[in-house]
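The values are calculated or read from the model by the stated rules, or taken from the named source; none is laboratory data. Being a predicted model, the structure only gives us computed values, none of them experimental. All Cβ positions, glycine included, derive from the backbone under ideal geometry; neighbour counts span all protein chains shown. Quick note on the areas: whole protein, heavy atoms, side chains included, nothing else; ligands and nucleic acids left out. Shrake-Rupley method; radii C 1.70, N 1.55, O 1.52, S 1.80 Å.
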Number of protein chains: 2
Amino acid sequence: MNSFAFQNPTKIIFGQGTVRQLGKEAAAYGNKALLVYGGGSIKKTGLYDQVLSQLKEHGIEAFELAGIEPNPRLSTVHKGIDICRKNGIGFVLAVGGGSVLDASKAIALGVPYEGDVWDFYEHKATAKDALPLGTVLTLSATGSEMNSASVITNWEQNRKLGYLSVHAFPRFSILDPTLTYTVPKDQTAYGAVDMMTHVFEQYFNHTPDTPLQERLCESILKTIVENAKLAQEKPDDYAARANLMLCGTYALNGGMISVGMDQDWASHDIEHELSAIYDIAHGAGLSIVYPNWMKYVYRERIERFVQFAVRVWDIDPSGKSDEDVALEGIQATRDFFRSLGAPSTLAEVGIGEDRIEEMAAKAVGFGPLGHFKKLEQADVAAIYRLSL
Amino acid sequence: MNSFAFQNPTKIIFGQGTVRQLGKEAAAYGNKALLVYGGGSIKKTGLYDQVLSQLKEHGIEAFELAGIEPNPRLSTVHKGIDICRKNGIGFVLAVGGGSVLDASKAIALGVPYEGDVWDFYEHKATAKDALPLGTVLTLSATGSEMNSASVITNWEQNRKLGYLSVHAFPRFSILDPTLTYTVPKDQTAYGAVDMMTHVFEQYFNHTPDTPLQERLCESILKTIVENAKLAQEKPDDYAARANLMLCGTYALNGGMISVGMDQDWASHDIEHELSAIYDIAHGAGLSIVYPNWMKYVYRERIERFVQFAVRVWDIDPSGKSDEDVALEGIQATRDFFRSLGAPSTLAEVGIGEDRIEEMAAKAVGFGPLGHFKKLEQADVAAIYRLSL
């Protein structure tokens with residue numbers, strides 16, 4: 001086990017009807033809030049009205065930034081920063097899924113910073129402060145509700161970059177599983193894929209002597225596998241939605257499940273290049289890329305892939321070679337993603353091979369990717385090709 | 001799954017040599033610290049000198065309260081409060097095991113409170129504030145390093161009571177597994193028993209639809225079972241000590257593994273009455289009581305006990321009744337505790353039946369115990385008798 005420091009100050013408030021606690025929580029952060037949301041589905045479901053009435057009841061004036069995109073854009077973040085500055089707003093309230101939350105984090109980080117918030121994502125500056133942020137989650141996927149990470153796309157540069165800052169942890173996050181009842185089948189699938197791959201990024205490593213962390217990872221993976229299809233088949237299955245929501249949050253909340261382990265994240269970077277150009281859903285991109293990353297790297301520590309196959313997919317190893325068991329586990333992952341309706345190939349989402357070298361070159365722009373196996377440009381291109 | 005709120009602000013700093021980060025962390029909380037420790041083993045190991053030099057280097061004046069007892073006493077807590085008040089001390093630094101940490105929490109809570117800090121433990125008042133607290137852990141057991149709980153014994157009243165306050169979370173805890181190399185075999189056993197029973201208190205419940213939480217609990221239990229004997233056999237086995245330390249912390253850190261589940265805690269209350277009169281080690285008392293609590297209550301939700309037997313103890317259920325599998329799991333727990341050298345009967349620690357009714361009456365002083373099965377005085381007495 002490696003040495004580590006861990007701290008996660010976010011308060012999570014979980015359960016049906018917890019939106020009723022929003023006003024009280026928000027009131028701790030002043031009397032002006034920037035309400036950030038996406039395409040307006042929260043207006044159809046009534047959540048928008050509930051949120052506004054909570055703010056009003058607690059004497060909080062609401063300013064609005066609507067229309068956050070699925071891969072949230074720097075230009076939209078800039079708009080939010082402007083609104084906060086012009087109106088002296090001291091609190092950001094994100095109501096939506098991971099994209100809305102990530103955009104809100106970028107806004108919260110950008111307001112007190114003199115330069116362009118993009119500097120943080122390009123590793124040119126370090127955030128020293130942020131506006132306080134609260135969230136109401138409507139999609140189980142990214143874990144952004146209880147972590148310090150955000151991913152923003154600079155569309156002019158076709159660059160999608162992530163940034164972690166201790167100042168970006170939400171102060172509170174309201175997690176009501178019933179708010180995810182309206183999430184359609186495909187988004188439910190992408191969410192499940194996203195959270196599973198978050199665990200993969202932490203689970204496949206070379207760190208010795210981490211039996212607890214490995215089991216925590218496996219616990220989340222098995223629970224997602226059990227619940228994702230239930231939620232697709234019966235969208236208002238409270239238990240399934242609640243289990244997925246908790247899995248998504250725990251899968252990536254500052255490393256609780258993976259303290260003291262190396263992490264990888266090559267596949268996420270490989271996917272980011274895809275959605276930065278083709279604007280595909282992050283979960284769809286991961287569904288395509290991840291099993292191919294697995295096939296490309298599993299020999300680096302085959303025992304971990306054998307353990308994954310046996311413990312997560314209940315594959316019987318008796319009489320089989322490690323190689324066979326590992327490959328069965330990878331195939332089971334592919335089959336599961338496909339069974340949820342998530343894509344397996346770039347062809348399925350209309351992406352060909354023409355920009356592979358360009359994406360591979362950009363992906364390694366800050367250096368080789370990953371830890372499990374260091375990936376150079378040629379490796380990244382090979383994984384794109386495996387994904388065609 | 002029940003609705004819940006969860007927040008744990010404690011920063012943990014884990015790994016060999018992390019004591020070197022103490023001064024920097026402590027300096028955030030002023031220039032006077034009350035250093036709280038136990039019987040002086042930290043002087044033998046050199047930790048005491050290390051701590052003092054860290055404080056000195058960072059310009060922090062150290063006042064001392066030594067001699068915290070294994071079941072920490074209210075009278076000692078009072079002494080600590082007095083020292084803080086007389087000297088205008090604004091920070092408490094606990095260096096030791098759970099008892100030292102718990103006493104330090106009581107001191108931190110008591111300093112800003114006008115009445116007697118015992119009021120909190122008797123549920124007569126609620127803490128509104130506390131001095132900031134930092135810890136350096138030397139024993140893996142109680143989880144006090146990352147939770148808000150403390151247990152104090154009022155020796156005049158023979159009462160041992162616990163209290164939880166959000167203000168009592170340590171601001172930081174330094175967890176260096178090498179500091180537990182000198183923990184003897186019996187204390188290593190009691191620590192393992194203590195952390196396992198913390199998980200039991202959360203795991204045996206009637207809450208439906210909590211598959212992730214159940215697996216997180218089982219993950220910790222299995223990892224303790226794998227590592228406790230290794231640490232006894234080779235006290236300086238870094239991996240075993242590190243795994244146990246992380247298990248102890250995660251087993252009871254404000255409910256991270258058990259969010260949304262009912263908890264029990266009857267067995268802890270039953271044990272507290274034992275050590276409040278006989279001053280036995282908490283882990284020894286739990287080792288005696290817990291398997292008997294299990295035998296007394298398992299029929300309330302036999303499926304959970306079957307799951308426990310199969311998943312934690314790898315008991316093959318094929319061809320057996322649920323009753324048999326459940327009982328095998330309970331026996332495996334008993335056998336494991338015994339294999340570590342922890343006691344199985346009250347007779348082994350010199351306790352007879354003469355004060356059973358008195359203890360049972362005191363145990364239910366605030367009402368029936370537990371949630372898994374509500375225990376009245378007669379039930380508690382029956383469990384003591386099973387333990388003879």
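Annotation: extensible slack from A:N87 through A:E226 equals 45.4 nm (criterion: 0.36 nm per residue apart, minus Cα-Cα distance). Based on the Kirkwood radius over alpha-carbon pairs, what is the Stokes-Einstein translational diffusion coefficient of chain A at 37 °C with 0.692 mPa s viscosity, in µm²/s? Result for D is 155 µm²/s. Taken about its Cα centre, chain B carries a charge dipole of roughly 980 debye when the Cβ of each Lys and Arg holds +1 and the Cβ of each Asp and Glu holds -1.
Plainly put, the tip 7 Å out from Cα toward Cβ on B:G365 is 6.6 nm from that tip on each other copy, the closest given first. With label points defined 7 Å past Cα in the direction of Cβ, position B:D236 shows copy-to-copy spacings of 6.4 nm, given to one decimal and shortest first. Applied to region B:270-279, the Karplus parametrisation 6.51 cos²θ - 1.76 cosθ + 1.60 on θ = phi - 60° returns per-residue 3J(HN,Hα) values of 4, 5, 4, 5, 5, 6, 5, 9, 9, 6 Hz, with x for Gly and Pro. Per-residue shielding of A:17-24, expressed as the average number of other chain Cβ atoms within 10 Å of the residue Cβ, stands at 1. Amide hydrogen proximity for B:A125: with H placed 1.01 Å from N in the peptide plane, the residues at 5 or more positions away or on another chain lying under 5 Å are B:F120.
For region A:24-32, putting each phi into the Karplus relation 6.51 cos²θ - 1.76 cosθ + 1.60 with θ = phi - 60° gives couplings of 4, 5, 5, 4, 5, 10, x, 10, 9 Hz, in residue order, rounded to whole numbers and with x for Gly and Pro. The relative contact order of chain A, computed from alpha carbon pairs under 8 Å that lie at least 6 residues apart in sequence, is 16 percent. Across the identical copies, the label point of B:Y181 (7 Å from Cα in the Cβ direction) is separated from its matches by 5.9 nm, in order from shortest. Spatially, region A:114-149 and region A:210-277 are offset by 20 Å when compared through their Cα centroids. Computed in the context of the full set of protein chains, the accessible area of region A:66-175 at 1.4 Å probe radius has 51% of its extent on carbon or sulfur. Around the amide H of A:K160, modelled in the peptide plane, lie the amide H atoms of A:N154, all under 5 Å away and 5 or more residues distant in sequence or on another chain. For the residue pairs A:K44/A:K79; A:K222/B:K374; A:K24/B:K160; A:K56/B:K124; B:K56/B:K128; B:K43/B:K79, the C-alpha atoms sit more than 26 angstrom apart in A:K222/B:K374; A:K24/B:K160; A:K56/B:K124; B:K56/B:K128. The mean accessible area for residues of the protein assembly as shown, using a 1.4 Å probe and ignoring ligands and nucleic acids, is 35 Å² per residue. Return the residues of region B:248-277 for which accessible area with all protein chains present is lower than in the chain on its own by 40 Å² or more; set the probe to 1.4 Å and exclude ligands, DNA and RNA. Residues of region B:248-277 that lose at least 40 Å² of accessible area once the other chains are added: B:Y250, B:M256.
Backbone amide hydrogens, once placed in the peptide plane, bring B:I315 within less than 5 Å of B:V310, excluding anything fewer than 5 places away on its chain. Here region A:80-101 and region A:285-364 have alpha carbon centers that stand 37 Å from each other. Working ranking of peptides A:29-36, B:332-339 by packing, defined as the average number of other Cβ atoms within 10 Å per residue, highest first, is A:29-36, B:332-339. Taking the DSSP bridge list for chain A and keeping only pairs wholly inside it, about 25 percent are antiparallel.
Roughly how large is the B-A contact in terms of buried accessible area, totalled over both chains, probe 1.4 Å, nearest 100 Å²? Interface between B and A: roughly 3200 Å². GNM remark for chain B: springs join alpha carbons under 10 Å apart, and the peak mean-square fluctuation among B:L161, B:L212, B:L47 falls on B:L212. The phi torsions of region B:334-346, fed into the Karplus equation with coefficients 6.51, -1.76 and 1.60 and a -60° offset, translate into couplings of 4, 4, 5, 4, 5, 4, 7, x, 7, x, 10, 9, 5 Hz, rounded to whole numbers, with Gly and Pro shown as x. Applying 1/(1 + (r/R0)^6) with r as the Cβ-Cβ distance of A:V349 and B:K374 and R0 = 41 angstrom yields a FRET efficiency of 0.15.
Can you show me the helix-derived [θ] at 222 nm for the protein assembly as shown, built from DSSP H runs with n ≥ 4 at -39,500 (n - 2.57) apiece and divided by the number of residues, rounded to the nearest 500. Here the helix-only value at 222 nm equals -15000 deg cm²/dmol. Highest-first packing order for the peptide set A:89-99, A:175-185, A:122-132 is A:89-99, A:175-185, A:122-132, based on the mean count of other beta carbon atoms within 10 Å.
Within straight-line reach of A:K234, meaning a Cα separation under 15 Å, sit the following aspartates and glutamates at least 8 residues removed in sequence or on another chain: A:D186, A:E226. When the residues A:L340, A:L388 are ordered by accessible surface, computed with a 1.4 Å probe over the protein chains alone, the sequence from largest down reads A:L388, A:L340. Taking a label point 7 Å from the Cα of A:Q157 along the Cα→Cβ vector, which residues of region A:264-306 have an amide N closer than 15 Å to it? The answer is A:273, A:276-277, whose backbone nitrogens lie closer than 15 Å to the label point. Pairs of Cα atoms nearer than 8 Å and 6+ residues apart set the relative contact order; for region B:185-386 it is 26 percent.
The apolar share of the surface of region B:185-386, taken as the fraction of accessible area on carbon and sulfur atoms (1.4 Å probe, ligands and nucleic acids excluded), comes to 49 percent.
For chain A, modelled as a GNM whose springs connect Cα atoms under 10 angstrom apart, the maximal fluctuation among A:P112, A:P208, A:P343 occurs at A:P208.
Inter-chain neighbour count for A:217-223: the average number of beta-carbon atoms from partner chains within 10 Å of each residue's beta-carbon is 4. Here the peptides A:318-328, B:196-206, A:353-363 are ranked by packing, the mean other Cβ count within 10 Å, and the order with the highest first is B:196-206, A:353-363, A:318-328.
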